Amino acid sequence: MTPEADAFRATMAHMPTCVTVVTATARHGPVGCTASAVLSLSLHPPGLLVSLAAAGRTAREIRRAGAFAVNLLSWEQRELTRRFAEEPPCRRFIGVPWAVQDGQPVLTGAAATVVCAVDRCYDVWDHTLLVGRVVHSAHHPDRTPLLYHHRTHDRPAAQGVPPGGRPSTSRLTGRSA
């Protein structure tokens with residue numbers, strides 16, 4: 001027995017996640033989409049796992065290009081979440097500042113960026129899992145990352161982390177959480 005889609009979606013809304021835009025170079029310009037299923041996979045070698053809708057243009061172009069970038073959005077970029085999730089693909093980059101890093105489009109102003117070469121792709125149900133070997137990573141501690149929790153956008157300050165700061169100490173141990 002499996003849960004209904006709405007019940008599963010409501011359950012997963014309780015899991016906070018960072019908001020990213022996954023981008024890639026395509027034949028006719030950059031492509032990208034909002035993604036929350038991104039995780040660090042390995043340190044040796046550095047790697048990421050990204051899950052994208054298999055039917056989406058971004059997943060298709062990443063497979064063709066063999067590379068992608070993950071842009072961890074900053075709080076100031078929160079409007080890009082909707083743009084890269086809902087706008088037609090041809091309109092997503094209009095007016096959005098970006099640069100090229102290791103051949104891939106990266107969004108200017110992101111809290112962090114990681115560029116990967118595709119190592120493996122797996123089709124699982126209606127998604128494509130991309131295993132990427134990191135070729136470049138950069139973060140900006142002064143930019144507050146955008147979080148998604150309870151179907152709303154938030155920033156770490158609302159979770160006890162000052163913008164650009166470190167988590168508060170644990171009340172139980174006195175150490176950083």
### Query
Name the pairs: first residue in region 81-104 and within 17 Å of VAL115 (Cβ to Cβ), second residue of a type in the set (A, V, I, L, M) and open to solvent by 60 Å² or more (accessible area, probe 1.4 Å), Cβ to Cβ under 7 Å, at least 6 apart or on different chains?
ASP102/VAL135
### Message
Just to be sure before I move on: is PRO45 under 20 Å from ALA138 (Cβ atoms), touching a residue at least 40 places away in the same chain (Cβ under 8 Å) and exposed (fewer than 14 other Cβ atoms within 10 Å of the Cβ) in the structure I sent?
### Response
yes
### Query
Just a yes or no: is a residue in region 130-138 part of a loop (DSSP other than H, G, I, E, B), open to solvent by 40 Å² or more (accessible area, probe 1.4 Å), touching a residue at least 40 places away in the same chain (Cβ under 8 Å) and out of contact with any Phe, Trp or Tyr (no Cβ under 9 Å at 6 or more places or on another chain)?
no
#### Entry: Whichever residue in region 83-97 is touching a strand residue (DSSP E or B) at 6+ places or on another chain (Cβ under 6 Å) and farther than 14 Å from HIS28 by Cα and, among such residues, is surrounded by the most Cβ atoms within 10 Å (Cβ to Cβ)
PHE84
## Note on the structure
(1) among the small types (Gly, Ala, Ser); (2) assigned to a loop (DSSP other than H, G, I, E, B); (3) at pLDDT below 80 all hold for ALA157 apart from (2)
### Query
For ALA112, which of the numbered conditions (1) touching a residue at least 60 places away in the same chain (Cβ under 8 Å); (2) touching a Leu at 6+ places or on another chain (Cβ under 6 Å); (3) surrounded by fewer than 21 Cβ atoms within 10 Å (Cβ to Cβ); (4) not hydroxyl-bearing (Ser, Thr, Tyr) fails to hold?
(1)
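The values are calculated or read from the model by the stated rules, or taken from the named source; none is laboratory data. As the structure is a prediction and not an experimental result, all values here were calculated from the model. Positions of Cβ are backbone-derived with ideal geometry, glycine not excepted, and every protein chain shown enters the neighbour counts. For the accessible areas, the whole protein counts, side chains as well, though only heavy atoms, and no ligand, DNA or RNA atoms are used. Shrake-Rupley method; radii C 1.70, N 1.55, O 1.52, S 1.80 Å.
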